[in-house]
Every structure is written in structure tokens, then in C-alpha cells.
Amino acid sequence: MADFVKGLFGGQQPAKVAIPGDDDFADYAGAPEPTPAAISSYTDAAHLAQPTGALTARPYTAWYRVWERTSPEDFKLEMYILPFLFVLILVHVWGTRANRSKAKAWSKAHAPLLQQEFAQVGFREGEATSDDILREKKADEYSTYATGRQNVAFIDFKITLIKRFNPFMLLGEYLIPLFFESIPAPAERVEATAYVFDGNEAKHAPQYGSGDAKKVSNSSFDGFVFAIVHKDIMKRMREDRYDISLTTTRDHAKLPVWTAVMSESAEITDMMLTPELIKAIHDAGDSFEALIVTDQPIDQPKTLDDTKPKKRINLSLKLESTYTATLPLFQLFLRLPDHLATAAHFRPEALRRIKQTRDEQISKIRKLDDDEKAEERKVAADKQKRELRDQKLGRLSAEEQRKFLEKERERDSKKKMKRSTVKG
């Protein structure tokens, strides 16, 4: 037994004699011979006979089996958010299509009339269908364009719709005007602005200078500001637009009671209120918002260039489900430049007050401009004087600089005393 224990723990063994000349391998001389590892007792035939493909198979784990490691309770937040997002997407798609269909309905009703009056309607050259004349700038804003007509350089159309595609913004636009009177409630409208030639056909359209241009009558007319507006927006128009602030507001017996006339002269009012226009406004009803003829800017002019007359005609109408009532007024608006080129030539007495108002504004701007230039000249002169003073002071000695600064302080104190004496 003792021999067995000694053999197991490497008991004393007789030392082997090292082979001469083999010193490098002396450390391995006493190493025991390697023996094969014993087979474990749990190794059975099933493990030994395991096929090769089973060695590369993924072991069972719940990492990729979502249904085993999760439950519906883990997706409560998603179950609340996803239906909400789905509803928002549906509302956005529905609102966008509803706005698009409403804009196309307007173009379908007005495209024949525009194509009858203008050579080009829409942004594409050549004849376009009613679906092609509109351009979608935003989901709630569409625009189109018309040109190629006598007395009119071009007309811009802007269709503004409510934000059906965004219920939160739409709700805010309806709630905010309830608390702030200066913010108008949202409304669907079409705004048209006609820019007249005013005798500048050769400048805007060179083809008028040759061929049949001699047969075209002169399109120039006297500048003035005239407007017929709905009383619901009369106050806001006067506050927001500079040109409307130049007029005098009156009611007119021939017009509906819910409208007001803003004009610079009674003679201008009589010229503008033709029987056709009065009837068209009556037929339009509450769909009518404003008809404006102006040669002044919308914003307060700040430079002399802003006071140059730029004659325009504006029409604002509410969008309705049908356009039968507003089509006569729309057609009259398209042909209004012809009436102005023919009849808008007034007596000098009627234009004297209009010219006086323009001259007063020009004189105010010129005075402000002269004051600004005088201030700039004064600043430049003071700067030059300081530079000369600094140059002179730099050439003096220390004692001379002290005397110079003392004299300068004495002069400043005398000036201050003189100013206080004069004020007293």
C-alpha cells in the first residue's frame, strides 16, 4: 500500500544518468510518458453515434422566439399609439384629397371662362385642361396664372383652403380668433390680382410694338384707389392696407347694406358703379368679400421707389359648393381693365385731391430721406474731426498734450454751462 501511494504521488525514483552531449534536453529527461485520457463513465453510444450535422445546429434558446419570451402586456403602449397614428394618416389623406377636389372643382367651373378671355391659362404653354391649370403650392394653397389679353399683362390666382388634413392646426385656427380680435377666422377664398398694362404694352410685351399693335387702343388710365368691401372685413382692410387707408368710407344706396364703398372721390365712385357691377355684387351675396382698384402699395411706402404707381385690380371671393352666383362677378372682374382704359379719365378738379395726397406722402418720405442724409453727413464730419484731432494730439509732446486737453475740457464745460443757462 505504501508503494502504491508513493507511485501515485511520484515517490522517489532512481535518478537516470544524463547522456553526455545532450544537455539541452536535460529538463525533459525525467518527464513521465503521456497516457491516454480515461473515457468518462457517462459517455454512451448515443453521444458517440451523433451525426455530423447535429454539431452545427443552433441550440434551443428563447432569444429569437418572441412568442415565448413576451406577452401582450408588453405592447400596451404600442396598442394605444398605433391606432392613433393610423387615424391621423387617414385624416391627412382624406383632407388632402378633399382640398384637391375642391380646388379642381373651382378650376373646372372657371377654366372655360379663363380660356375664353386669355391666350394662356396655367403655367404650361398651349391649351390646358381644367385639371392642368392649377399648381399645388401647399396642401391648403393652390395657384394659377393667366396672360395674353388686351389691357392686362397677367393675372395671378390664389386659392386658400382650410387645413382639413391637420385637425389640430384647424382647431387652433378656429379657437385663436375667439380670444384675439385682430386674427381673422379661417375661411376658404380665391384671390385674384390683375396687373394692367397702363400704356406699357411695349415694355411688358415687345410684340405689341409691331404688326397689329397700331390697332390696339391705349390702355392707360388715371390712378386712384377704389374699393367695395364686405363690412365684416372693412376694419381689418383699413388697418392692414395702406392704399385703403387713403380712402373715405361711405354706404351706397344701390349696393347691399352689408357692403361699403371706399373711394377717394365721388366722381370715381360714379364711374365704377355700373349697373352690371351692382347686379353682380347683389347676385354674389355673402360670397363677395372685396373688389379693389388701386395704384398704391399695400404696405406703407418707405422709399421714393415705393411711391411709384403700380396699378392693380384685386378680387376676393369665398369658395362655395356652387359657383353660379359668383361667375358673373368673376367675368366682370376679367373685363374691368377694358372699362378702366375707356372710362377712368377724370377732370383735373377731381384728380387734384388725389394728387395732393400722393404729394404729401412723397414729401414726407423725401424729408425723412433728407434728415437721414444730413445725419449721415454729420456723423462723417464728426468722425473726420476726431481723426484730425487725434493726429494733431499725437504730434505734440507730453506737456503740450496736457495743455491741449485742459483747454478742450474748459471749452466743453463752457458749452454745457451755456446750454443750461439757455434752458433755464
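Quick notes on this structure:
- A count restricted to the stretch 216-265 and to residues that are within 20 Å of L336 (Cα to Cα) and among the hydrophobic types (A, V, I, L, M, F, W, C) stands at 13.
- L161 passes every criterion in (1) aliphatic (A, V, I, L, M); (2) crowded, with 19+ Cβ neighbours inside 10 Å; (3) farther than 16 Å from T193 by Cα; (4) over 26 Å from the mean Cα position of the chain (by Cα) apart from (4).
- Residue satisfying all of: in the stretch 283-304; polar (S, T, N, Q) and in contact with a Lys or Arg (Cβ under 7 Å, 6 or more places away or on another chain); surrounded by the most Cβ atoms within 10 Å (Cβ to Cβ) among these: T294
- Qualifying residue in the stretch 104-117 (condition: under 20 Å from the mean Cα position of the chain (by Cα) and within 16 Å of F333 (Cβ to Cβ)): no
- Restricting attention to the stretch 360-393, the residues that are surrounded by 11 or more Cβ atoms within 10 Å (Cβ to Cβ) and under 15 Å from D306 (Cβ atoms) add up to 7.
- Complete set of residues in the stretch 324-333 that are in contact (Cβ under 8 Å) with a residue 24 or more places away in the chain, surrounded by fewer than 18 Cβ atoms within 10 Å (Cβ to Cβ) and under 17 Å from A103 (Cα atoms): L327
None of the figures in this text is laboratory data; all of them are computed from the coordinates on show. What you see is a predicted model; the values in this text were computed from it and never measured. When we count neighbours, we look across all protein chains shown, and the Cβ atoms used for this are built from the backbone with ideal geometry, even at glycine.
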